[in-house]
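Below is one structure; the comments refer to it alone.
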Ligand code: 13P
Ligand code: SF4
């Protein structure tokens, strides 16, 4: 239908431009990528069963914005055009449609915003299309100003959309890097753009600080796959076996565990415990992967990541048939048949570093992980060509620039952990940090 998607980028949010387009889309709003699957996730996009209703932003833009020139915000334009229509005796146009359940703040792209944010845009223009910038820039300017006022720091996971990752985040990385940096920061406020367990971890290592999340509903299927009562039952059944828990769990689950791990240090920590066998919770596939790398016996749980479990070994083989030179990187939350096909298996930070190693060659790279990874890694290595099948994490995609701004303005939504849980959960996280190699 002639919608100007940028094929160079995976969209967590989609900006549809052009008058009348929203009418055509109709009920497509809020149903994830269902109306444009071939643009977003060409080969592997699963049905949008878990897409939150708020992850699409559909907005009608006037030609001046399409040309990249500063204009009043959409609400102001709607009001102005309604007044003109009234004079001409025409029916008022339908207002711009902005689908975002929280924190919708309609900020204008003024000349001063354009001047203030232009240097930022120049850094990101190979990842964020110019047509989108007037939507993001007012938020980028306001967030960066408010961060200074509040002495706040924004920590963003590698799966955040490029407009958060590249323009307002102070620290980016995998779960381990975010936990380590949260422990070090001297800011008063931490805004965690990721998912809830990451914010809880930041709070555990930094109890005196205010930890905020832009959207409290940003959860994780792995964290939801196990409860503290489950862990207590396992402890009863295997009283002498250490319980190793992935950070993708609630604070209550961490509190019942002996040590936490991330995908970046799981093998190292399982070995360092010196036990003949461990219980490894809750990701079955990560547990399998760890078992393949160590002689320690692993007792696993059947939790899965709803994003990574959708990849299959057949998908990878098909891509390799098309291009035998393809470099395939997979996150260890993928099923074993996918990992068996990969050239590299590692955390999101490990993947980024691996791309850095192949970046000097002519490599084409396939990242078997969440969609924003390729956008964000390509920000660092613009010369690398990414093949872009991917799956969206609907939880990570709950975070948007308007919500980040709302979070800093209203100091919402604060993440807290009950003291009796926090004390025990912190022990497991601190133990993980003590085992982990320092990173730059
Ligand atoms: P990393 O620790 O590798 O960044 O992974 C976190 C995550 O949620 C992967 O799905
Ligand atoms: Fe959880 Fe998977 Fe989303 Fe990571 S990608 S936050 S493991 S659901």
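The values are calculated or read from the model by the stated rules, or taken from the named source; none is laboratory data. Just so it is clear, the model here is predicted, and its values are computed rather than measured. Ideal geometry is used to build each Cβ from the backbone, glycine not excepted, and the neighbour counts take in all protein chains shown.
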Among all residue pairs at least 6 apart or on different chains, which show Cβ distances below 7 Å where the first residue, located in the range 155-175, is closer than 16 Å to residue 211 by Cβ and the second is assigned to a helix (DSSP H, G or I) and more than 10 Å from ligand 1 (Cβ to nearest atom)? 155/181; 155/182; 155/202; 156/164; 156/165; 171/181
Out of the helices (runs of 4 or more DSSP H) lying entirely within the range 207-323, which hold 2 or more residues that are within 14 Å of ligand 2 (Cβ to nearest atom) and modelled with pLDDT of 95 or more? 284-293
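Could you tell me which residue of the range 324-350 is nearest to residue 228 (Cα to Cα), considering only residues that are in a loop (DSSP other than H, G, I, E, B) and within 16 Å of ligand 1 (Cβ to nearest atom)?
At the first step, the residues of the range 324-350 found to be in a loop (DSSP other than H, G, I, E, B) are 324-326, 331-335, 342-343, 346-347.
With within 16 Å of ligand 1 (Cβ to nearest atom) added as a condition, the list becomes 331-335, 342, 346-347.
Values: 331: 26, 332: 24, 333: 22, 334: 25, 335: 25, 342: 34, 346: 27, 347: 25 Å.
If we take residues in the range 324-350 being in a loop (DSSP other than H, G, I, E, B) and within 16 Å of ligand 1 (Cβ to nearest atom), then 333 is nearest to residue 228 (Cα to Cα).
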Filter the range 123-157 down to residues that are at pLDDT below 95 and closer than 17 Å to residue 169 by Cα and give me whichever is farthest from ligand 1 (Cβ to nearest atom). 125
Could you list, ordered by first residue, the pairs with Cβ atoms under 7 Å in which the first is in the range 214-231 and without any contact (Cβ under 8 Å) to a residue 60 or more places away in the chain and the second is in a loop (DSSP other than H, G, I, E, B) and within 16 Å of ligand 1 (Cβ to nearest atom), at least 6 apart or interchain? 223/248; 223/249; 223/250
Does the range 217-225 contain any residue that is farther than 30 Å from residue 401 by Cα and surrounded by fewer than 24 Cβ atoms within 10 Å (Cβ to Cβ)? no
What helices (runs of 4 or more DSSP H), lying completely within the range 112-196, carry at least 1 residues that are within 16 Å of ligand 2 (Cβ to nearest atom) and outside the structural domain of residue 353 (by TED's automatic domain parsing)? 162-165, 175-184
What's the number of the condition residue 434 fails, among (1) part of a helix (DSSP H, G or I); (2) modelled with pLDDT of 95 or more; (3) surrounded by fewer than 22 Cβ atoms within 10 Å (Cβ to Cβ)? (2)
